[in-house]
Amino acid sequence: MRPDAHPPGLMAAVPNRGIVPPRPIPIKDRASILFIERGQLDVLDGSFVVVDRSGVRTHVPVGGLACLMLEPGARVSHAATALAARVGCLLIWIGEAGVRLYSAGQPGGARADRLLHQARLALDPNARLKVVRKMFDMRFGEPAPQRRSVDQLRGIEGARVKRLYDVLARQHGVRWTGRRYDPSDWGGADLPNRCLSQATACLYGLTEAAILAAGYAPAIGFLHTGKPQSFVFDVADIFKFETVVPVAFRVAGNAQQRKWPAVNDPVGEVRRGCRDTFRKTKLLTRLIPSIEEMLAAGELDPPKRPDDAQPIAIPEEPSGDVGHRG
């Protein structure tokens with residue numbers, strides 16, 4: 001296990017034998033991410049643990065984490081998966097150092113009324129454009145140019161992002177040839193691109209956890225479309241250059257200049273830098289309010305949550321965020 005976060009969270013209890021299952025705590029009150037590789041995730045003696053090959057247990061305060069990033073070599077038991085879902089910790093299966101995302105669990109699940117509202121906004125051309133313009137404003141700190149379509153705004157954004165990459169590369173002394181990488185060939189990318197892939201993987205995992213906790217769907221995007229994480233990219237891009245991209249370029253620059261400790265483990269240094277940046281910027285407290293703010297810009301009234309015609313057999317209990325299962 002890579003102890004890249006030191007969360008203050010709770011030690012989870014096994015939800016049987018009369019022990020009350022833990023309730024999710026709000027995303028804003030959690031630590032951000034933890035990377036795990038080459039270990040078995042399980043629930044043993046009432047605790048969520050990682051067991052290495054020699055049988056040594058390492059306790060993981062799963063209830064105090066937003067998401068667990070599972071690298072190659074990690075295995076998960078049914079009990080661990082169920083407990084992670086109950087406490088609202090997102091499990092994300094990734095490739096080496098996060099260059100690929102294979103699958104993600106669902107600790108909360110989209111709430112019907114919020115999912116319908118999100119879909120309605122995305123399908124209404126005028127509302128969608130308003131949401132995209134708000135995202136542009138939130139990302140760059142200025143209103144989007146008038147009389148531009150979504151595709152035109154996407155092109156403007158791409159050009160600005162390219163310039164920002166160039167500026168950061170010069171600031172940190174990085175030899176930069178552009179954003180180029182092959183998800184199927186992690187080692188084929190140059191050092192700055194590997195650092196960026198790791199940094200964005202951290203941010204995407206955290207953002208997806210917040211989207212699910214808020215009751216929305218990661219796949220229904222506005223600027224990005226057609227991908228399982230389209231809305232994740234939309235939301236994460238607002239914070240990317242404030243948080244993880246500078247970390248990636250700083251570490252890449254230090255590594256290229258043979259500065260310790262980045263030269264020894266640049267990808268690990270990026271993870272630790274992202275963790276610290278999330279904490280300093282209080283990103284977890286800002287994600288869900290920012291999602292609500294950008295969707296409100298669509299100016300469509302959200303539907304009222306309907307009463308169930310037939311009461312459900314197992315009543316929901318209060319939980320940390322509106323999208324978390326009871």
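Side notes on the structure shown:
- Here the condition is being surrounded by fewer than 21 Cβ atoms within 10 Å (Cβ to Cβ), at negative phi and touching a strand residue (DSSP E or B) at 6+ places or on another chain (Cβ under 6 Å); of GLY205, GLY188, it holds for GLY188 alone.
Residue by residue, here is whether (1) in contact (Cβ under 8 Å) with a residue 24 or more places away in the chain; (2) more than 14 Å from MET135 (Cα to Cα) holds:
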| residue | (1), (2) |
| --- | --- |
| ILE220 | yes, yes |
| LEU223 | yes, no |
| LYS227 | no, yes |
| PHE231 | yes, no |
| ASP234 | yes, no |
| ASP237 | yes, no |
| VAL244 | yes, yes |
| GLY253 | yes, yes |
| GLN256 | yes, yes |
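- Options ARG120, ARG100; residue that is modelled with pLDDT under 90 and charged (D, E, K, R): ARG100
- Flag: ALA159 does not match the condition of being farther than 30 Å from LEU65 by Cβ and either touching a residue at least 24 places away in the same chain (Cβ under 8 Å) or outside the structural domain of ARG286 (by TED's automatic domain parsing) (or both).
- For region 55-146, the strands (runs of 3 or more DSSP E) that sit wholly inside it and include 3 or more residues that are surrounded by 21 or more Cβ atoms within 10 Å (Cβ to Cβ) are 65-70, 90-94.
- Flag for LYS280 being free of Cβ contacts under 8 Å to residues at least 40 places away in the same chain, assigned to a loop (DSSP other than H, G, I, E, B) and charged (D, E, K, R): no
- Residue list for region 283-297, restricted to those being of a type outside the set (Ser, Thr, Tyr) and either within 14 Å of the chain's Cα centre (by Cα) or part of a helix (DSSP H, G or I) (or both): LEU283, LEU284, ARG286, LEU287, ILE288, PRO289, ILE291, GLU292, GLU293, MET294, LEU295, ALA296
- Search result, residues across region 114-131 that are of a type outside the set (D, E, K, R) and in contact (Cβ under 8 Å) with a residue 12 or more places away in the chain: LEU115, LEU116, HIS117, GLN118, ALA119, LEU121, ALA122, ALA127, LEU129, VAL131
- Listed by position, the helices (runs of 4 or more DSSP H) enclosed by region 173-264 that each have at least 3 residues that are under 24 Å from ALA127 (Cα atoms) and either in the same structural domain as LEU123 (by TED's automatic domain parsing) or touching a Leu at 6+ places or on another chain (Cβ under 8 Å) (or both) are 191-213, 230-240.
The values are calculated or read from the model by the stated rules, or taken from the named source; none is laboratory data. Keep in mind the model is a prediction, meaning the values are calculated, not measured. A quick note on method: Cβ atoms are made from the backbone with ideal geometry, for glycine too, and the neighbour counts reach across all protein chains shown.
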